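This report refers to the structure that appears directly beneath it.
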There are 2 protein chains.
Amino acid sequence: MVKTSTLQDVARVAKVSTATVSRTLSNPDVVSESTRRRVSEAVKVTGYRINRAARNLRTQRSHSVLVLLPDLANPFFSTILEGISRILSRQGYSMLIASTKQVLDSGDRLTDYLDDARADGMIILDGGLDPDVVEMLENAPQSKRVLFACEWIDGANFPSVRCQNRQGTRTAVDHLYDLGHRKIAHVTGPEGNVLMHTRKDAFVTELGKLNLELKPEWIIAGDFSLAAGCQAAQAWITLDDRPTAVFCASDQLAMGFIAELSRYSFKVPNDVSVMGFDDIDLAEQFIPPLTSIRQDRLMIGETAAKMLMERILAPNEEHSVHAAVLPVSLVVRESTASLN
Amino acid sequence: MVKTSTLQDVARVAKVSTATVSRTLSNPDVVSESTRRRVSEAVKVTGYRINRAARNLRTQRSHSVLVLLPDLANPFFSTILEGISRILSRQGYSMLIASTKQVLDSGDRLTDYLDDARADGMIILDGGLDPDVVEMLENAPQSKRVLFACEWIDGANFPSVRCQNRQGTRTAVDHLYDLGHRKIAHVTGPEGNVLMHTRKDAFVTELGKLNLELKPEWIIAGDFSLAAGCQAAQAWITLDDRPTAVFCASDQLAMGFIAELSRYSFKVPNDVSVMGFDDIDLAEQFIPPLTSIRQDRLMIGETAAKMLMERILAPNEEHSVHAAVLPVSLVVRESTASLN
DNA sequence: ACAAAATATGTAATCGATTGCAAATCGGAG
DNA sequence: CTCCGATTTGCAATCGATTACATATTTTGT
């Protein structure tokens, strides 16, 4: 193993002290032109790479951020990660990834990463944490460096980034209404999930505003997954008085719903209009292409990372934005149609 | 900010030296029963958490592994990450994520993470690296701690984990043959990709073995994406003598292919049988459910992490497995049917 | 030309854990 | 009771960078 060279080596070659080398590297303005050149040259000659472990120890910064997902295997998050990573790497930060399940199952606390200097902050994409875990988070001395994205915790006061869930839901319902639909069902996310409640609530409210009937059985409990969408379809089929349109709380739900319907020879949108939420990549390629509410996952990631970095780099300042709510938009494709 | 307690604090409370505390924590057998108890008590009282930055510096280990993806936004990798993370966290290691594009675009070398003590090893899921980047990797002193998964570099000698690409391709072709198909097309991955070449090559070979005709235009160039699948469908449609079955090098290709066909009112599998490769989650829910070659992404991740950890923890030993080739299996669903 | 201010560099302490070596303690044999 | 080896513990150096403070050097003003 070739030993990599250290600041000392560079200092020796450049005939200056390690302090000067350090300064040259992190704050070039304070050293003279000539030493700056000598040091740069020495760095090149020695092939010096900074040792992050040493710097991290000395500066009390890990220069990395932990992203906590509910479930690593869920592709919904990949674009968000891309957004986060872009911002972080631009600031010289690295991105650590773990799943809340894995961390908690192993008996660790979520804040361990912060406590033991592995991460300077964390972005949590999981609103389904146990209340006692949340309480611990809130009371932790590092709670200032915790931020939620996509989902959030009702009643807690963490900074967060989310999309316009209510507005998106309203837009969806209005779209179906404009197409002539008057009997509209909703397939929800999982019980206890904040997005589920927000969207369901907005759905009910909007139907009320439009003076539409809403039978209790038109709210079908699901959980964002394909499988739940299939089950919801079964439920829809058995209804006496079938709604002519269905607003699903996620694209996956909508796809499962449509897939299952097709097994029973129902046609979308001819027999029923179906909408999703999220506008994942596949929505466009699905058959039929899915009408959905688009949320910009890249921007969610970027915004979250920016907000967190602000808090890490200037922990004592007041930060203008506490909850960033990003716009959504209606994407009309072929899974919804006028009521004929 | 509450300062977290250090080894010193624990030592003071337990009335022993820091050396003893350290030993108690990392190697309990060498300390006496009584001090072990005193130290554990002191740890509890002080709420001590080890400072990883300090340990990393002293031990010259970062206790983390970098996973390099070609593209963070690609959901294909999420399950693999889950597998990697499981193994790593079990060994007290963390998982850093970055994309090769981002790293290289920012002017850094891939080995920087290794050189500057940010990571003890790396798993690369990107076989599309530039030859000069590969050469640099090979000649780096840390090349022993680099491992490829899913894809690999032809001609280079890095340890790797992959699935049975040839066997899978053969199985796919045989399946179509058994259904009576004699004119079979192939939609390939991106030019230059090792998986693309391996699968194409195996495809051609197997057709030869079965004495099947293969017109050059029956090999349609693609790139694993949905969009490429759509284009491939266009190409297929314009053929005079259309193959009755199509083997796509990825599920995404197959989905795009089918989606596009349906826009032109072709029915799958009635008008043409279509197969994918990978068996991603969505394959099952697609309409029609996709016949595919399944690769176990969780196991790919776990195997890769295990192999890398072996090499990190015992760098000088000979390691039994250099290239792990994991089994694939045929999953028959409804996108393929007998030629009638 | 000289004092004061501004700029550039060096010295050495520090971050917090690990570990080689030395010292202390213990147990048992003679 | 003494001595020897084994077991336990402590001392202090170390990993490699950063930075407060001291010192040296240059510039500026009069």
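The values are calculated or read from the model by the stated rules, or taken from the named source; none is laboratory data. All values derive from a computational prediction rather than experimental measurement. Cβ coordinates were reconstructed from backbone atoms using ideal geometry, including for glycine residues, and neighbour counts include every protein chain displayed. Ligands, DNA and RNA are excluded from the accessible area calculation, which covers all protein heavy atoms including side chains. Shrake-Rupley method; radii C 1.70, N 1.55, O 1.52, S 1.80 Å.
A few remarks follow.
- Scanning region A:36-70 for residues that are away from DNA strand D (no atom under 12 Å from the Cβ) and among the polar types (S, T, N, Q) returns A:Ser40, A:Ser62, A:Ser64.
- Pairs with Cβ under 6 Å, 6+ apart, first in region B:12-36 and at negative phi, second charged (D, E, K, R) and more than 11 Å from DNA strand C (Cβ to nearest atom): B:Ala14/B:Arg38; B:Thr24/B:Arg36; B:Pro28/B:Arg36
- Single unsatisfied condition, A:Ala73 versus (1) within 7 Å of DNA strand D (Cβ to nearest atom); (2) closer than 30 Å to A:Asp223 by Cβ: (1)
- Residue under evaluation B:Arg58, criteria (1) within 16 Å of DNA strand C (Cβ to nearest atom); (2) modelled with pLDDT of 95 or more; (3) buried (at least 17 other Cβ atoms within 10 Å of the Cβ); (4) facing chain A (nearest Cβ under 9 Å), criterion not met: (3)
- Cβ pairs under 8 Å, 6+ apart, first in region A:138-161 and on the phi > 0 side of the Ramachandran plot, second open to solvent by 30 Å² or more (accessible area, probe 1.4 Å): A:Cys150/A:Arg162
- Single match in B:Ser17, B:Ser26, B:Ser22, B:Ser32 (criterion: more than 14 Å from chain A (Cβ to nearest Cβ), open to solvent by 80 Å² or more (accessible area, probe 1.4 Å) and near DNA strand C (Cβ under 10 Å from one of its atoms)): B:Ser26
- Residue match in region B:93-105 (condition: part of a loop (DSSP other than H, G, I, E, B) and crowded, with 20+ Cβ neighbours inside 10 Å): yes
- Region B:223-240: number of residues that are away from every other protein chain (no Cβ under 14 Å) and either modelled with pLDDT of 95 or more or crowded, with 24+ Cβ neighbours inside 10 Å (or both): 6
- Of everything in region A:1-11 that is away from DNA strand C (no atom under 12 Å from the Cβ) and either in contact (Cβ under 8 Å) with a residue 24 or more places away in the chain or not charged (D, E, K, R) (or both), the residue that is most open to solvent (accessible area, probe 1.4 Å) is A:Met1.
- Assessment of region A:200-207 against the conditions (in a loop (DSSP other than H, G, I, E, B), closer than 23 Å to A:Asp279 by Cα and not hydrophobic (A, V, I, L, M, F, W, C)) yields no matching residue.
- Residue identified as within 12 Å of DNA strand D (Cβ to nearest atom) and closer than 18 Å to A:Gly92 by Cβ among A:Ser17, A:Ser22: A:Ser22
- Of note, B:Gly192 satisfies the criterion of being in the same structural domain as B:Lys215 (by TED's automatic domain parsing) and under 19 Å from the mean Cα position of the chain (by Cα).
- Of the numbered criteria (1) open to solvent by less than 60 Å² (accessible area, probe 1.4 Å); (2) at positive phi, the one A:Asn165 fails is (2).
- For region A:115-140, a residue qualifies if it is touching a strand residue (DSSP E or B) at 6+ places or on another chain (Cβ under 7 Å), open to solvent by 10 Å² or more (accessible area, probe 1.4 Å) and facing chain B (nearest Cβ under 10 Å), and exactly one does: A:Arg118.
- In region A:80-98, the residues that are more than 8 Å from every other protein chain (Cβ to nearest Cβ) form Cβ pairs under 6 Å with partners that are of a type in the set (Gly, Ala, Ser), at six or more places apart or across chains, as follows: A:Ile80/A:Gly301; A:Gly83/A:Gly301; A:Ile84/A:Gly301; A:Ile84/A:Ala305; A:Ile87/A:Ala305; A:Leu88/A:Ala305; A:Tyr93/A:Ser64.
- As a summary of the residue check, A:Lys44 satisfies the conditions (1) more than 16 Å from DNA strand C (Cβ to nearest atom); (2) in the same structural domain as A:Gly301 (by TED's automatic domain parsing) except for the one numbered (2).
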